[in-house]
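Structure record follows, encoded as structure tokens.
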Amino acid sequence: STVKMTNCTIKNNKTTGDDDSGGGGVYTFMGTLTMTGCTITGNEAATNGGGLNVEGTTTNITNCTFTGNTAKNGGGIYTIKTDSYPVVTISGGTIGDTDTDKANKATGSDGNGGGIYVGEDCTVTLQNDGSTGCTITGNTAQRGGGVYVKGGTFKMSGSAVVTPATGSEANDKGKNDVYLVTGK
């Protein structure tokens, strides 16, 4: 299937349960998803992908904002391989915020990827939307507050940026950093 979302807000949704309870805001399985100018905020998933759970889907995100989403893994965005390999391209927009209640959070005791979780055999690219790059800022997790790369491919180009924590938070583990699993 092909789904297009334009200038919409997905807000304050919640999944419950243990197994297939990902995608608090949006859950996509196979096909193609295109999001433009959307706000995904305040959503919660019992497992993965508080804002967006991508399973085997080609996903294009342009000038969207992901804030205040929570999940055990992938507070903002979670990607995982199914029968096909997800390819996620994020052009412009913001994932997270420096205001603590607007940061995306991976909340599990071993939670990974506050902003983005990149699963094995997944590809996530941050790039310019034509003028500005994607910004990842203020997110938290046990590992990879900004981005957690389990075994996939994470690319950045243009003026895309993962903003490091500053001040007293600069030495805190999991404060908007990029974490690569050992050997990757």
Worksheet item: Between the range 37-91 and the range 97-142, how many Å separate their Cα centres?
Response: 9 Å
Discussion item. Taking only the Cα atoms of the range 42-87, how large is their convex hull per residue, in Å³?
Written reply: 54 Å³
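With a 1.4 Å probe and all protein chains kept in place, how do Met35, Met5 rank by accessible area, largest first? Before the final figure, lay out the partial values.
On the way: Met35 0, Met5 30 Å².
The ordering from most to least exposed comes out as Met5, Met35.
Which shape class applies to the range 67-177: rounded if a/c is under 1.5, otherwise prolate when a/b exceeds b/c and oblate if not, where a ≥ b ≥ c are the square roots of the Cα gyration tensor eigenvalues? Please report the intermediate quantities before stating the final value.
Working: a/c = 1.84, a/b = 1.14, b/c = 1.62.
Since a/c reaches 1.5 but b/c is at least a/b, the shape of the range 67-177 is classed as oblate.
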Practice prompt. Using a/c under 1.5 as the rounded threshold, could you call the range 1-141 rounded, prolate or oblate? The axes a ≥ b ≥ c are square roots of the C-alpha gyration tensor eigenvalues, and prolate needs a/b larger than b/c, oblate otherwise.
Written response: rounded
Item to complete: Could you pull out the pairs from Lys4/Lys105; Lys4/Lys81; Lys105/Lys155 whose alpha carbons sit more than 24 Å apart here?
Response: Lys4/Lys105
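The values are calculated or read from the model by the stated rules, or taken from the named source; none is laboratory data. Quantities reported herein were computed from a predicted structural model and do not represent experimental measurements. We work out accessible area using only protein heavy atoms, side chains counted, and drop any ligands, DNA or RNA first. Shrake-Rupley method; radii C 1.70, N 1.55, O 1.52, S 1.80 Å.
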